[in-house]
Amino acid sequence: MSQINYNIKIIAEIAQGFEGNFDQSKLLIKAAVTSGADFVKFQMVFADELATKDYEYFKLFRSLEMDKKKWEYLTKYANELGIKLVVDVFGTNSLNTAESIGIKTIKVHGTDITNIGLLEAISTSSIENVILGVGGSFWSEISVAINIL
């Protein structure tokens, strides 16, 4: 019987749990390191990428935004602590921000699997690793997304 060696990685999922709070973000990164995770994943939120201004939760999304300098600091902070920062991107602003601050791995949220413009932008970016969320998608949608990426 042959033995299979798996290369398992653990992602500490923060999502929007940082609540747009920079100090809380640092604490959550430190907690992810303490837990032994390999990656810590946030949703890089820019309200305009998620909703129109008349949407009832637009202000909530706006409250989750952090500027590029804070994301850059968090990326360096995570690296210093020995963990890699991963972000969900929801549009070209978050993609370009992630790319410009040296994030190497991003996640495409399952709701963006048919966002052809975003997938094409990712395919021409310098991002090295893409995690593709596929929950609830049809195989035909998954296949198109994979071919673009």
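The values are calculated or read from the model by the stated rules, or taken from the named source; none is laboratory data. Every value quoted in this text rests on a predicted model; they were computed, and no experiment measured them. Every residue, glycine among them, receives a Cβ derived from its backbone with ideal geometry; neighbour counts consider all protein chains shown. The area values use the complete protein model at the heavy-atom level, side chains included, leaving out ligands, DNA and RNA. Shrake-Rupley method; radii C 1.70, N 1.55, O 1.52, S 1.80 Å.
Key figures
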read-out	value
Dipole magnitude of the chain about its Cα centre (Cβ charges: Lys, Arg +1; Asp, Glu -1), debye to nearest 20	460 debye
Mean projection area, nm², convex hull over Cα of the chain	10.9 nm²
Simple Cβ-charge dipole of the stretch 5-69, Lys/Arg +1 and Asp/Glu -1, about Cα centre, in debye nearest 20	260 debye
Environment charge of residue 13, counting only residues whose C-beta is closer than 12 Å and scoring Lys/Arg +1, Asp/Glu -1	+1
Extension gain, residue 143 back to residue 13 (0.36 nm per residue minus Cα-Cα distance, nm)	44.2 nm
The stretch 34-95 - Rg over Rh from alpha carbon coordinates, Kirkwood radius	1.05
Sparse-neighbour loop sites [trypsin sites (Lys or Arg not before Pro); the stretch 16-98; at most 11 other C-beta within 10 Å; DSSP]	53
Mean ellipticity per residue at 222 nm, deg cm²/dmol - from DSSP H runs of n ≥ 4 across the chain, formula -39500 (n - 2.57)	-12000 deg cm²/dmol
Stretchable slack from residue 115 to residue 21, in nm (0.36 nm times residue separation minus alpha-carbon distance)	31.0 nm
Separation of alpha-carbon centers, the stretch 1-70 and the stretch 93-107, rounded to whole Å	13 Å
Carbon plus sulfur fraction of accessible area for the chain, probe 1.4 Å, in percent	52 percent
